[in-house]
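Report on the structure given below.
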Amino acid sequence: CQLRCHPARGPFAKHRLVPPPGPPGAPGGGGDGGGKGAGGGRKLPTCAEHDLENYSMYCVSCRSPVCYQCLEEGKHGKHDVKALGAMWKQHKAQLSQALNGVSDKAKEAKEFLVQLKNLLQQIQENGLDYEACLVAQCDALVDALTRQKAKLLTKVTKEREHKLKVVWDQINHCTLKLRQSTGLMEYCLEVIKENDPSGFLQISDALIKRVQVSQEQWVKGALEPKVSAEFDLTLDSEPLLQSIHQLDFIQMKCRGSVTVPPVPLLQLEKCCTRNNSVTLAWRMPPLSHNPVEGYILELDDGDGGQFREVYVGKETLCTIDGLHFNSTYNARVKAFNSSGVGPYSKTVILQTSDVAWFTFDPSSAHRDIVLSNDNQTATCNSYDDRVVLGTAAFSKGVHYWELHVDRYDNHPDPAFGIARINVVKDMMLGKDDKAWAMYVDNNRSWFMHCNSHTNRTEGGVSKGATVGVLLDLNKHNLTFYINGQQQGPPAFENIEGVFMPALSLNRNVQVTLHTGLEVP
């Protein structure tokens, strides 16, 4: 160490090196006058300039310990000096204080390292989340482009089929005319060969007229195609391509500025359908710092049409009722705040039920109606007819349900059918203009709407009978069955709108509803 740190050359050449002092009590250890203590104390350091003098004072000016003789004879005589022990304690206190500061900084550094490691994990997680968001957004663009491509291909197909039909119609028409003209020409050539003048003249006038008429049929343009082989369809994709090329992230202008919310994440495990209702759930990405004031949920028409807003609010769970059965809906959601509206989420596809499962609706039933068996069985407390509706509403598709007659006393006239939500509920179904029904006794049945009785048909009900109701909103008609036999032709035509299953009965009848059935 001496050779490396304190070589005997240059400014170190004149330094005097002495052996280091030993520990207290060791041989040669320092004591008063250089003697040994009781246990052999260590030798105290002596002054570098006065070998026989120990350090006893501290020169503040030179910042070094000095001996008594240095103060009397040396250069420290006029300097500010203090007691060696006092300065020793003072410097130890200063060093301890400085060490405390370093210790605090070391503690802060350890906490900062923990923060940096957490930041690494957050960056990793946020990167994965934002990658998922980016994939969802791009997938939504691809889905939209795919749907639009399908629509455009449908237009091209329709245009092609139209052109082909026009050309085939022309081919058939021209072939027929050509066949007629060819036949006429062949007949005229045979007549021209006739050598009997009188026989020829008897039919020549008629033939000339027929030939002239045939010639007139080939009017100008008859031998020209009505359509061209070219398709007058031009797809302007340049603006979309430019938008795709310009697609980029919206960067925050400065830390703390508010930008539009990011893409909401659809929680597919919570999205579901029940009958003609759909439930959707979503959430914002983790560690999203942009405030959200609300959400906009959009749904198409179940037939690939335009999206429409079905919910605007702060909730992240929404159920939409009253949709079409057996239909495929597309849904998407976006968030908004004071800076604007964020991008759409990925589109989720939801399929409503093929057949309807429903019960009687206690909330809209007349107060005299008595429901049991999980609202599937109905009777009444009154001798007057009272109306109860089903929980499902139909506006599209084909639907069938049955009602089993559990009790039938004293030949009442229960009525089965459909109604609008605002039907009158304190009289027989079908007496107002809001219901279409078949009422039936033990021998025959009638159709009724607006209190008009039509289509009397033999065949009634009794205990154990089954009445079926078939609502076909594709053909816009209503058909009734008793024990599997159709009661006449379709009861009502041109039925359009939103309808609910309906029933009217009095206390002499009890029926049980059966739903989710295949169409007969």
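The values are calculated or read from the model by the stated rules, or taken from the named source; none is laboratory data. What you see is a predicted model; the values in this text were computed from it and never measured. Glycine gets a Cβ as well: all are built from the backbone with ideal geometry, and neighbour counts include every protein chain shown. The protein model used for the area step is the full one, side chains on, heavy atoms only, and it has no ligands, DNA or RNA in it. Shrake-Rupley method; radii C 1.70, N 1.55, O 1.52, S 1.80 Å.
Taking only the C-alpha atoms, wrap a convex hull around segment 89-217 and report its volume per residue in Å³ as a whole number.
Spread over its residues, the Cα hull of segment 89-217 gives 119 Å³ apiece.
Assuming 0.36 nm per residue, please report the length gained on full extension of the stretch Gln97 to Glu131 beyond their Cα-Cα distance.
Between Gln97 and Glu131, full extension yields an extra 7.2 nm.
Once you have the Cα-Cα distance between Leu189 and Glu224, take 0.36 nm times their residue separation minus that, and quote the gain in nm to one decimal.
Result for the pair: 9.8 nm of gain on full extension.
For the chain, what is the calculated [θ] at 222 nm in deg cm²/dmol (nearest 500), taking -39500 (n - 2.57) for each run of four or more DSSP H residues and dividing by its residue count? It would help to have the intermediate numbers written out before the result.
Values: 5 runs with 148 residues, N = 520.
Calculated mean residue ellipticity at 222 nm is -10500 deg cm²/dmol.
Name the trypsin sites (Lys or Arg not before Pro) in segment 277-385 that are in a loop by DSSP and that have at most 14 other C-beta atoms within 10 Å, would you?
Counting only loop positions with at most 14 other Cβ atoms within 10 Å, the trypsin sites (Lys or Arg not before Pro) in segment 277-385 are Lys314, Arg367.
For segment 265-351, what does the equivalent ellipsoid look like in terms of its semi-axes, each the square root of 5 times an eigenvalue of the Cα gyration tensor, given largest first in whole Å? Before the final figure, lay out each step's value.
Values: eigenvalues 112, 35, 22 Å².
Taking √(5λ) for each Cα gyration eigenvalue gives 24, 13, 11 Å.
Order these peptides, 320-327, 275-282, 369-376, by their mean beta-carbon neighbour count within 10 angstrom, highest first. All intermediate terms of the calculation are to be shown ahead of the outcome.
Numbers: 320-327: 17.0, 275-282: 21.0, 369-376: 15.2.
Descending mean neighbour count gives 275-282, 320-327, 369-376.
Using the heavy atoms of the protein chains alone and a 1.4 angstrom probe, what is the accessible area of segment 83-204 per residue in square angstrom?
That works out to 81 Å² per residue.
With a ≥ b ≥ c the root eigenvalues of the C-alpha gyration tensor of segment 369-514, is it rounded (a/c under 1.5), prolate (a/b larger than b/c) or oblate?
Here segment 369-514 falls in the rounded category.
Mind checking which lysines have their Cα closer than 28 Å to the Cα of Lys209? Skip sequence neighbours fewer than 8 apart in that chain.
Within reach: Lys177, Lys193, Lys220.
Filter the DSSP H helices in the chain by two things, a Kyte-Doolittle mean of at least -0.5 and an axial alpha-carbon span of 18 angstrom or more, and list the hits by number.
In the chain, the long hydrophobic H runs are 84-192, 197-217.
Which residues' amide hydrogens lie under 5 Å from the amide hydrogen of Asn337, considering only partners 5 or more residues apart or on another chain, with H built in the peptide plane?
Glu293, Gly342
Please give the peptides 395-408, 377-390, 6-19, 163-176 ranked by average Cβ packing (other Cβ atoms within 10 Å per residue), highest first, as a rough proxy for protection.
377-390, 395-408, 163-176, 6-19
Along segment 502-509, what does the Karplus equation 6.51 cos²θ - 1.76 cosθ + 1.60 (θ = phi - 60°) give for ³J(HN,Hα), rounded to whole Hz, x for Gly and Pro?
Per-residue couplings from phi come out as 9, 8, 10, 7, 10, 6, 8, 10 Hz.
With Cα Rg over 2.2 N^0.38 Å in mind, check [x] 1.36; [y] 2.17; [z] 1.17 and report the label derived from this structure.
[y]
Under a 5 Å amide H to amide H cut-off, with H placed in plane at 1.01 Å, what residues pair with Gly430 once short-range neighbours are removed?
Sorted by chain and number, the residues that satisfy this are Ala435.
In the chain, carbon and sulfur make up what percent of the accessible area (probe 1.4 Å)?
Carbon and sulfur: 54 percent of the exposed surface of the chain.
List the residues, sorted by chain then number, that are 5 or more residues from Ala392 or on another chain and whose placed amide H is less than 5 Å from its amide H.
Here Thr359 satisfy the definition.
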